[in-house]
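Before I ask anything, here is the structure I am working with.
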Amino acid sequence: MNRLLKAARASGSLNLSNRSLTEIPDEVYRNLEGLGGGGGDDKWWEAVELQKLILAHNSIGWLKEDLKNLPFLAVLNLSHNCLSQLPAAIGELPQLKMLDVSFNSIIKIPEEIGSAASLVKLDCSNNRLTELPSSLGRCLELLDLKGSNNLFTSLPEDLANCSKLSKLDMEGNKLTVISENLISSWTMLTEFNASKNLLTGFPVSIGGLSRLIRLDLHQNKISAIPSSINGCHSLTELYLGNNNISTVPVEIAALSRLGTLVLHSNQLKDYPVEACKLSLLVLDLSNNSLSGLPPEMGKMTTLRKLLLSGNPLRTLRSSLVSGPTPALLKFLRSRLSTDEDSETVTTSKEEVIAMATRLSITSKELSMEGLGLTAVPSEVWESGEVIKLDLSRNSIQELPVQLSSCVSLQTLILSKNQIIEWPSSILKSLSSLSCLKIDNNSLRQIPLDGFEVVPKLQILDLSGNAASLLDGPVFSCLPYVQELYLRRMRLSEFPSDIVGLHQLRILDLSQNSLQSIPVGLKNLTSLEELDLSDNNISVLPPELGLLEPSLQALRLDGNPLRSIRRTVLSKGTKAVLNYLKDKLPE
């Protein structure tokens, strides 16, 4: 502890999260003064005032008023503790920009917080708050306010003064109304979440939120969508499921950027023809009272997903309703008159890419699956901090060097393309990558050190790349891998170093030419699923039985097993493992 405190004296940053603390050490309240023990090494003139203090995931029950001794504090994280209140001294932190007190048991935030005039982000979600202090309206720099999962019935009118507010999350409260004045004052809002409340409507002034990108009001008691919604020009995602909405206003057709429209579990009897002009990717109309669909919906060629289950649709076969979206759209187009049908313009690839890019702004997930791409579009690396990228089912042969700039990428799906070379130089730059699916490509031999560039991988799928594992590479470079898929790789021998992957939960080696399984497989004590189906295995080592009870699924069909009776095999995984265990020498 003393070493951490000394280091903070030099850096101005102190992280004491996950240390089972029940109170904040007094040295912290003293701004880390007096550390060093007088040994002569403590260069007090080089000390930095404490600016960042992280105390998350402890058992801290209260804070002292001595908090005011930290006047330079800019970041204070007290989430996941046992606080029931905050001290008035919170208002004596003039530099405080970020305050996170989420996941506590706080009943009230003191009015003094209004004096923390530099506050930019406040997260007080998952507490027992019944109201927000009016003084919060004096925090004029506030951009991000999160108060989800509390007991708020209303929001203070003084929050109208927070005109810079960009993100507001009030999910899971008891709000019955949000005033016209508040909405009309928050013209900078880009994300607004008031789902899981008791709202019966939303203000007409919503139309003034021209920067709003994401609006989530699902699971309320809203009966109507105001026609002023057409003023939300930037809207890409609109969630209104689980309400009492009976009609969709025709004005919604003006939302040219809208990509996701969710209206499931309402009381809709029809979908307006005008709204068929929207360039949607996702339209969820399930669980309503729709008896038919306008044929014009067939022109919505951008749609990737149209959900209609739970409607009394009398004019459509159930196989169409539950089948693939393109088939349903084609059927609807066939019901248009010849003149109307000829006007149907197939959406260009560029339009679909542009829509997917807009949707990724808030979701951080970008899907360009099945667009017939021969190259990765520039929108991928220009679209900001994407964490999931799906480029599957295209005709891409190589990855561009610009992809190296997507340093936030955690999941990269390249399945079913025509990639030839293992993209070492690009993967090396993706330091956060934890999931790579590059199955069913045309990969040549992966270099011996090929896996060294992705040391943090937890999921790897190489299936269907038969030439890629001929002379290596070294699986031991993947110490954190939990799921490994090697289907249809023409493997005749079990890759020996796989037995050292101790975090492995799923191993799929099906559809290969394996003849034997190494005894060392018993060391994979975390293994839950093992697929060895469709190989040439005639004998299993008895040691495999030691994986019981962790191994839940062992697939062996399609092997010429002679050492285990068919009656045992038919009883499933547990019976097979127990049988093998009984064969172990005493």
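The values are calculated or read from the model by the stated rules, or taken from the named source; none is laboratory data. Bear in mind that the values here come from a model prediction, so they are computed numbers and not experimental data. Glycine gets a Cβ as well: all are built from the backbone with ideal geometry, and neighbour counts include every protein chain shown. Quick note on the areas: whole protein, heavy atoms, side chains included, nothing else; ligands and nucleic acids left out. Shrake-Rupley method; radii C 1.70, N 1.55, O 1.52, S 1.80 Å.
Can you tell me which residues in the range 445-467 are polar (S, T, N, Q), modelled with pLDDT under 95 and surrounded by fewer than 21 Cβ atoms within 10 Å (Cβ to Cβ)?
Looking only at the range 445-467, we keep the residues that are polar (S, T, N, Q), and these are 445, 458, 463, 465.
Those still in the list that are modelled with pLDDT under 95 too: 445, 465.
Listed by number, the list holds a single entry, GLN445.
With the structure loaded, tell me whether LEU504 is within 34 Å of the chain's Cα centre (by Cα), over 23 Å from GLU421 (Cβ atoms) and not polar (S, T, N, Q) or whether it fails that test. Give the steps one after another, and end with the answer.
Numbers: within 34 Å of the chain's Cα centre (by Cα): yes; over 23 Å from GLU421 (Cβ atoms): yes; not polar (S, T, N, Q): yes.
Criteria met by LEU504.
Of LEU484, LEU514, which residue is touching a helix residue (DSSP H, G or I) at 6+ places or on another chain (Cβ under 8 Å) and either among the acidic types (Asp, Glu) or open to solvent by less than 10 Å² (accessible area, probe 1.4 Å) (or both)?
That would be LEU484, the only listed residue that is touching a helix residue (DSSP H, G or I) at 6+ places or on another chain (Cβ under 8 Å) and either among the acidic types (Asp, Glu) or open to solvent by less than 10 Å² (accessible area, probe 1.4 Å) (or both).
Let me ask something additional. When you go through SER432, SER415, SER442 one by one, which is the residue that is within 26 Å of the chain's Cα centre (by Cα) and surrounded by 15 or more Cβ atoms within 10 Å (Cβ to Cβ)?
Just a single option satisfies the conditions, and that option is SER415.
A follow-up question, please. Which of (1) at pLDDT below 95; (2) aliphatic (A, V, I, L, M); (3) closer than 18 Å to LEU462 by Cβ is the odd one out, the single condition LEU507 does not satisfy?
It is condition (1) that LEU507 fails.
Could you tell me which of the residues ILE106, ILE90 is in contact with a strand residue (DSSP E or B) (Cβ under 7 Å, 6 or more places away or on another chain), of a type in the set (Val, Ile, Thr) and modelled with pLDDT of 95 or more?
Matching residue, one of ILE106, ILE90: ILE106.
Taking the residues in the range 546-586 that are polar (S, T, N, Q) and under 22 Å from LEU514 (Cα atoms) as candidates, determine which candidate is surrounded by the fewest Cβ atoms within 10 Å (Cβ to Cβ).
Of everything passing the filter in the range 546-586, SER570 is surrounded by the fewest Cβ atoms within 10 Å (Cβ to Cβ).
Can you name every residue in the range 77-121 that is more than 19 Å from CYS162 (Cβ to Cβ) and assigned to a strand (DSSP E or B)?
ASN77, GLN85, LYS108
Hey, among SER286, SER223, SER265, which residue is open to solvent by less than 40 Å² (accessible area, probe 1.4 Å), out of contact with any Leu (no Cβ under 9 Å at 6 or more places or on another chain), at pLDDT 95 or above and assigned to a loop (DSSP other than H, G, I, E, B)?
Among SER286, SER223, SER265, only SER265 is open to solvent by less than 40 Å² (accessible area, probe 1.4 Å), out of contact with any Leu (no Cβ under 9 Å at 6 or more places or on another chain), at pLDDT 95 or above and assigned to a loop (DSSP other than H, G, I, E, B).
Rundown of residues vs (1) in contact with a helix residue (DSSP H, G or I) (Cβ under 6 Å, 6 or more places away or on another chain); (2) small (Gly, Ala, Ser), yes/no style:
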position	(1), (2)
SER179	no, yes
GLY201	no, yes
SER205	yes, yes
ASP216	no, no
SER223	no, yes
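Please go through the range 507-532 and give me each residue that is farther than 20 Å from CYS477 by Cα and under 33 Å from the mean Cα position of the chain (by Cα), ordered by number.
Within the range 507-532, SER510, GLN511, GLU528, GLU529, LEU530, ASP531, LEU532 meet the criteria.
I'd like the full set of residues that are assigned to a loop (DSSP other than H, G, I, E, B) and either of a type in the set (Lys, Arg) or within 20 Å of HIS80 (Cα to Cα) (or both), limited to the range 132-151.
LEU132, GLY147, SER148, ASN149, ASN150, LEU151
May I pose another question? Kindly indicate the residue of the range 555-576 that is of a type in the set (Gly, Ala, Ser) and part of a loop (DSSP other than H, G, I, E, B) and also farthest from the chain's Cα centre (by Cα) among those meeting that condition.
SER563
Please specify each residue of the range 294-307 satisfying the condition of being in contact with a strand residue (DSSP E or B) (Cβ under 9 Å, 6 or more places away or on another chain) and either buried (at least 19 other Cβ atoms within 10 Å of the Cβ) or part of a helix (DSSP H, G or I) (or both).
Pass one, the range 294-307, residues in contact with a strand residue (DSSP E or B) (Cβ under 9 Å, 6 or more places away or on another chain): 297, 300, 303-307.
Passing the criteria: MET297, MET300, LEU303, LEU306.
With the requirement that a residue be polar (S, T, N, Q) and touching a helix residue (DSSP H, G or I) at 6+ places or on another chain (Cβ under 6 Å), what does the range 225-246 give you?
SER227, SER228, ASN230, THR236, listed by residue number.
Okay, next question. So in the range 110-135, with the set limited to residues that are over 30 Å from the mean Cα position of the chain (by Cα) and among the hydrophobic types (A, V, I, L, M, F, W, C), which one is most open to solvent (accessible area, probe 1.4 Å)?
If we take residues in the range 110-135 being over 30 Å from the mean Cα position of the chain (by Cα) and among the hydrophobic types (A, V, I, L, M, F, W, C), then ALA117 is most open to solvent (accessible area, probe 1.4 Å).
Now for a separate question. For the range 528-535, check the following and say yes or no: at least one residue is surrounded by fewer than 17 Cβ atoms within 10 Å (Cβ to Cβ) and touching a residue at least 24 places away in the same chain (Cβ under 8 Å).
Checking the range 528-535: at least one residue is surrounded by fewer than 17 Cβ atoms within 10 Å (Cβ to Cβ) and touching a residue at least 24 places away in the same chain (Cβ under 8 Å).
Now a separate question. Go through (1) open to solvent by less than 20 Å² (accessible area, probe 1.4 Å); (2) in contact with a strand residue (DSSP E or B) (Cβ under 6 Å, 6 or more places away or on another chain) for TYR271 and report which single condition fails.
Going through (1) open to solvent by less than 20 Å² (accessible area, probe 1.4 Å); (2) in contact with a strand residue (DSSP E or B) (Cβ under 6 Å, 6 or more places away or on another chain) one by one, TYR271 breaks only (2).
Oh, and also: Can you name every residue in the range 71-106 that is open to solvent by 30 Å² or more (accessible area, probe 1.4 Å) and within 30 Å of the chain's Cα centre (by Cα)? Steps first, answer last, please.
Restricting attention to the range 71-106, the residues satisfying the condition of being open to solvent by 30 Å² or more (accessible area, probe 1.4 Å) are 71-72, 75, 77, 80, 82, 84-85, 88, 92, 94-95, 97-98, 100, 103, 105.
Correct list: VAL75, ASN77, HIS80, CYS82, LYS97, MET98, ASP100, PHE103, SER105.
Another question about this same structure. Do any residues in the range 447-459 that are under 11 Å from SER424 (Cα atoms) have Cβ atoms under 9 Å from those of residues that are part of a strand (DSSP E or B) and open to solvent by less than 40 Å² (accessible area, probe 1.4 Å), where the two are at least six apart or on different chains, and which pairs are they?
Short answer, once both residue conditions are applied: PHE451/LEU460; VAL454/LEU436; VAL454/LEU460.
Let me ask you something else. What number of residues within the range 280-313 are within 24 Å of the chain's Cα centre (by Cα), closer than 20 Å to LEU371 by Cβ and among the hydroxyl-bearing types (Ser, Thr, Tyr)?
The total comes to 1.
Taking into account only those residues within the range 146-189 that are β-branched (Val, Ile, Thr) and surrounded by fewer than 19 Cβ atoms within 10 Å (Cβ to Cβ), which is farthest from ILE109 (Cα to Cα)?
Here is the first cut: in the range 146-189, the ones β-branched (Val, Ile, Thr) are 153, 176-178, 183, 187.
In the following step, the residues that additionally are surrounded by fewer than 19 Cβ atoms within 10 Å (Cβ to Cβ) were identified as 153, 176-177, 187.
Numbers: THR153: 16, THR176: 21, VAL177: 22, THR187: 26 Å.
Per the criteria, the residue is THR187.
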